[in-house]
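Presented below is the structure to which this report refers.
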Amino acid sequence: VACKQWNGLKGTITRNHGSHQNPSDLSFNTYKLVRFSEVVSGGKLCWYFFADQCRHCTDPPCMATADEYVSGAITKNSKTGAVIFTSKSDKLTVEQFNAVKEACPYNIPRRDSATGLMAKCTMCSDRLDKGYPPACVKSCPTGAMNFGDRDEMLALAKKRLAEAKKKHRKAQLLDVDETRTIFLVADDPMKYHEFAVAKAGSFDMDRKMALKKMIRPIANILRPV
Ligand code: SF4
């Protein structure tokens, strides 16, 4: 709710499907979504929650892919690392947007079919510019989220992990080296969400892009004149 209020995003009409999951998915108007899973763990029924959002990857595959089509459709703030979808994103075709979404290891980008604009969490960059933390962090009453310089946050994450491990054998930090939104989970990440962690090879963009660039001149040679 804090995310929607700060970013002026519309509510979503939802239906009860017999689950606490509401709304059902991220959308152009929902940048952050608490995913709800009912799982059996250690013979007990458990409720798992996962606050899904853009991870603001350190080397974002979405940006590398979008750059192939429209330079500047996705940018990265050099000071905060926030990955931002710009107004140029409306120049991407549906197929190009699908390629960008496919490149994201966490299935985050969403698109407004009416305007063609893409949307996702902005790290509340406008708040950061004024020295305020993101709206979700500011409004969280239990301190489940923290925001700060990377080194400080990594130290905090490792400290919390050591505490969690005493009670939860499988506790782990997710994709620490590749992302700026770092999750600590108490159990197998797949029990929380199928895109909780990146699949192997998701961040090999340099190799994929280099390959594409090598193939393109060959394709140009083969193209009939
Ligand atoms: S999580 Fe997806 S959308 Fe966000 S920066 Fe990474 S690749 Fe881009």
Handout entry: Restricting region 102-127 to residues that are in contact with a Leu (Cβ under 9 Å, 6 or more places away or on another chain) and among the basic types (Lys, Arg), the residue that is surrounded by the most Cβ atoms within 10 Å (Cβ to Cβ)
Key = Lys120
Exercise for the section: Scan region 40-52 for residues that are touching a helix residue (DSSP H, G or I) at 6+ places or on another chain (Cβ under 9 Å) and closer than 26 Å to Cys104 by Cα and report the count. Expected result: 3
Exercise for the section: Go through region 47-57 residue by residue and tally those that are surrounded by fewer than 23 Cβ atoms within 10 Å (Cβ to Cβ) and either of a type in the set (Gly, Ala, Ser) or more than 9 Å from the ligand (Cβ to nearest atom) (or both). Expected result: 5
Fill in the blank from the handout: The strands (runs of 3 or more DSSP E) lying wholly within region 34-109 that contain at least 3 residues that are more than 13 Å from the chain's Cα centre (by Cα) are 44-52, 74-76
Practice task
Could you run through region 128-160 and say how many residues are without any contact (Cβ under 8 Å) to a residue 12 or more places away in the chain, aliphatic (A, V, I, L, M) and surrounded by 14 or more Cβ atoms within 10 Å (Cβ to Cβ)?
Solution key: 2
Practice task
Identify all residues within region 149-169 that are part of a loop (DSSP other than H, G, I, E, B) and closer than 24 Å to Phe203 by Cα; write none if there are none.
Solution key: Asp149
Fill in the blank from the handout: So, first residue within 14 Å of Lys101 (Cα to Cα) in region 112-127, second residue in a loop (DSSP other than H, G, I, E, B) and more than 16 Å from the ligand (Cβ to nearest atom), Cβ within less than 9 Å, six or more apart or across chains; the pairs are Asp112/Asn29; Gly116/Thr93; Ala119/Leu9; Ala119/Asn29
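Every number in this text was worked out from the coordinates using simple rules, so none of it is lab data. Since we're looking at a predicted model, the values are computed, not measured. Cβ atoms come from the backbone with ideal geometry, glycine included; neighbour counts cover every protein chain shown.
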